[in-house]
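Readers should treat all values here as calculations from the given coordinates under stated rules, not as data from a laboratory. Bear in mind the structure is a predicted one, so any value in this text is a computation, not a measurement. Glycine also receives a Cβ, built like all others from the backbone with ideal geometry; neighbour counts cover every protein chain displayed.
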Amino acid sequence: MKDRTPPRPLVPLVDFYNAVSIKHCVTAGAFDLADLEGRGAPLELRMTRQGDTFRALGTSEDAAPVSLGVGELAYAQGSVVLTRQLAWRQSVEGLVTEHTTRAVFVSEILADEDEGQEGAKALAQQVARDLEEGLVSMFQAQVTATIVGGVEGKLSVDLV
């Protein structure tokens, strides 16, 4: 940081899953279920396709979404892209806020050459355990954790 000021706290829930992400050196994110459920389409991890749009976090509420090119790894719901470049760029859609009461958390864990699939599975279980324990102890949340492994091509989860 150039000005040496500490980073500002985000939303406590966002700060929490960012801490889990940093602890395990994996991506972690969340989407507000109330926002996503009204759209009627599954949450997907897939490559972008023709017609997909994105409204970046930090743009004005009345800003028009931008059209995306084909072939970028993204979380999407229908033609609305929720995160670009896997989970690096966040959209205003599905955004977790201080008003979020129900969320779906995601984390991508890839097998490396040394640890293989078993190492990735063990890491996924530890990340899920840390998310679950923290959500229960810090937020008094009711948690259901699901680990999906060996996904190739596209991951689709119905939110209803």
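Convert each backbone phi in segment 19-34 into a coupling constant with the Karplus relation 6.51 cos²θ - 1.76 cosθ + 1.60 (shift: θ = phi - 60°), then list the ³J(HN,Hα) values in order as whole Hz, x for Gly and Pro.
The phi angles translate into 5, 5, 4, 5, 4, 9, 6, 10, 6, 8, x, 8, 10, 6, 5, 4 Hz.
Positive end of the charge dipole of the chain (Lys, Arg +1 and Asp, Glu -1 on Cβ, about the Cα centre): tell me which of 147, 71, 45 has its Cα farthest that way.
The residue sitting farthest along the positive end of the dipole is 71.
List every residue whose amide H lies under 5 Å from the amide H of residue 159, counting only residues 5 or more places away in sequence or on a different chain, with H placed 1.01 Å from N in the peptide plane.
When sequence neighbours closer than 5 places are left aside, the close amide H contacts are 43.
Can you pull the semi-axes for the chain, root of five times each eigenvalue of the Cα gyration tensor, sorted largest first, whole Å?
Details: eigenvalues 116, 89, 60 Å².
Listed largest to smallest, the semi-axes of the chain are 24, 21, 17 Å.
Which ³J(HN,Hα) values in Hz, rounded to whole numbers, follow from the phi angles of segment 92-106 under the Karplus curve 6.51 cos²θ - 1.76 cosθ + 1.60, where θ = phi - 60° and Gly and Pro get x?
6, 6, x, 5, 6, 10, 5, 9, 5, 10, 9, 9, 10, 9, 10
Express in nm, to one decimal, how much length is gained between residue 85 and residue 97 on full extension, taking 0.36 nm for each residue of separation and deducting their alpha carbon distance.
2.2 nm
Quick one: which residues, 5 or more positions from residue 102 or on another chain, have an amide H under 5 Å from its amide H? H modelled 1.01 Å from N in the peptide plane, none for Pro or chain starts.
HN-HN under 5 Å from residue 102: 33, 34.
At most 15 other Cβ atoms within 10 Å and a DSSP loop assignment: could you name the GluC sites (Glu not before Pro) in segment 8-66 that fit?
61
Treat every Asp and Glu Cβ in the chain as -1 and every Lys and Arg Cβ as +1, leave all other atoms uncharged, and give the resulting dipole magnitude about the Cα centre to the nearest 20 debye.
Dipole of the chain, to the nearest 20 debye: 340 debye.
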